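The structure under discussion appears below in the form of C-alpha cells.
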Amino acid sequence: MALRKRLLAVLLILIALGAAGAWVALRRHQAQPRQLTLYGNVDLRQVQLAFDAVGRIRELPVQEGQRVRKGDVVARLDDARLRDALQRAQAALRARREVLARLRAGSRPQEIAQARASLQAAQAALDNARTLWTRQRGLVESGFLPRQSLDNATEALRSARAGRERAAQALSLTLQGPRKEDVAAAAAEVSADEAAVALARRQLDDATLRAPEDAVVENRILEVGDMASPQSPVLTLALRDPLWVRAYVPERELGRIAPGMHADILSDSYPGQVFAGWIGFISPTAEFTPRQVQTSELRTELVYRMRVYACAGADRLRLGMPVTVTVPLHDNPAGAASDACRR
C-alpha cells in the first residue's frame, strides 16, 4: 500500500511539472511578437545633371514633376560654334587624307617622263659643252684664242656635268617615289586629324543633355538663356528605381531578421494600402539612434541602419515621406522577398 502511494505521488509530481513546462512554453510563445515594427523615411538617389561644355542654354523641354526615360533629351545648348568647329576639323581631315593618298600612290607617269626629258636635256647640254671645250682647247693651243676662252669653256663643261648629275638624281627620286618616313608622318597627321574630328563630334554631342536613367524631374535649376558650365547643374533628377526606406533596427532584434526577408511598407498618405518590399541591406556598423527616428525606447540605444527596398509599383512613395515598416517574424524565410514582389 505504501509503495502504491509513493508511485501515485511521483506520477502526480511529474504531471504537475509537465503542465508547468507547457504553460511556461505557451506563455513564452505568446510573449514573442509575431512581427517587427520599424519607422523610417523614404529615400532614393538623386542626380544633378550638368553640361560637359560651356554655352548658352537653347532648349529645356522638361518641367518639374515630369517623368523622363533613359536617353530622353532634357536640355540643349546653342551649338552653332560647335558645328562650325566640327566642319573645320572634317575639312582638315579630308585634306590630310588626300596628301597621304598622293604619297602612297607614288610618282605619276607624267612626272617620270618629265624627269627623263630633263635628264636627256642635261645630257645634250653636257655633250655640247664637251664639244665646245675641245674646239676651244685646239684654238688656244694654236694661238688663235686667249687662255681665258679655254677657262670659260672648262667652267661651262663642269656646270653641264653637274646639271646632268642633278637631272639623273631627280629621275632616280621620281622613280623611287616618296620616302617611307614621309608616308609615316602623313599617316600620323591623318590619325591626329581623325582624333580632332572625334573630339569635335563629342563636344557637339555634349551640347545635348540626356537622362541617364528613368527618373522624375525634381528641380529646374537653370532656365533657357542661362549660361551653363560643368560646374553649374541644370536639372536635378530623382531616380525612380531603386526606391527604399531608410530605417533603423535595434541590436537585440538583429538575430530575427536577415536580408531577403519580406517586409510591408505603410504610409499615412495611403491609409489601408500596403506596399510590398524586402530587406536589402543591414549595416555592419552600429550607431546611436538618429534624432529623426521616433521610438519608445531610450534614444541612446545602439541601432543598425537598414534598407527596405520597395517592389515595383511603389513609385507613389515620395522622397523623405515618413513610413512604417513591418517585418513578419514567422513563415518569412530569407528568400520570401522575390515571391512577395511578384504578388
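The values are calculated or read from the model by the stated rules, or taken from the named source; none is laboratory data. The structure displayed is predicted, hence computed values, not measured ones. Backbone-built Cβ (ideal geometry, glycine too); neighbour counts: all protein chains shown.
Would the range 21-41 turn up any residue that is within 29 Å of residue 306 (Cβ to Cβ), at pLDDT 70 or above, within 23 Å of the chain's Cα centre (by Cα) and surrounded by 12 or more Cβ atoms within 10 Å (Cβ to Cβ)?
no
For every residue, the table says whether it meets (1) farther than 30 Å from residue 308 by Cα; (2) among the charged types (D, E, K, R).
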site: 200; (1), (2): yes, no
site: 208; (1), (2): yes, no
site: 221; (1), (2): yes, no
site: 234; (1), (2): yes, no
site: 238; (1), (2): no, no
site: 252; (1), (2): no, yes
site: 259; (1), (2): no, no
site: 262; (1), (2): no, no
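Would you call residue 117 out of contact with any helix residue (DSSP H, G or I) (no Cβ under 6 Å at 6 or more places or on another chain), more than 22 Å from residue 188 (Cβ to Cβ), at pLDDT 95 or above and surrounded by 12 or more Cβ atoms within 10 Å (Cβ to Cβ)?
No, not satisfied.
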- [ ] Determine which member of the set 75, 53, 85, 89 is surrounded by 14 or more Cβ atoms within 10 Å (Cβ to Cβ), among the aliphatic types (A, V, I, L, M) and part of a strand (DSSP E or B).
- [x] 75
TODO: Among the residues of the range 93-118, write down those that are assigned to a helix (DSSP H, G or I), touching a residue at least 40 places away in the same chain (Cβ under 8 Å), under 53 Å from the mean Cα position of the chain (by Cα) and closer than 19 Å to residue 170 by Cα.
DONE: 103, 104, 111
Open item on the list: Consider the range 208-225. How many of its residues are touching a Lys or Arg at 6+ places or on another chain (Cβ under 9 Å) and crowded, with 17+ Cβ neighbours inside 10 Å?
Closed with: 5
Task: Candidate set from the range 217-256 (those that are assigned to a loop (DSSP other than H, G, I, E, B) and of a type outside the set (Val, Ile, Thr)); member that is farthest from residue 76 (Cα to Cα) - done: 231
Open item on the list: Of the conditions (1) among the charged types (D, E, K, R); (2) surrounded by 15 or more Cβ atoms within 10 Å (Cβ to Cβ); (3) free of Cβ contacts under 8 Å to residues at least 40 places away in the same chain, residue 205 satisfies every one except a single condition; which number is it?
Closed with: (2)
- [ ] Taking residue 186 as the residue in question, decide whether it is part of a helix (DSSP H, G or I), touching a residue at least 40 places away in the same chain (Cβ under 8 Å) and surrounded by 15 or more Cβ atoms within 10 Å (Cβ to Cβ).
- [x] yes
Open item on the list: Which numbered condition in (1) within 12 Å of residue 207 (Cα to Cα); (2) touching a Ser or Thr at 6+ places or on another chain (Cβ under 8 Å) is the only one that residue 46 fails?
Closed with: (1)
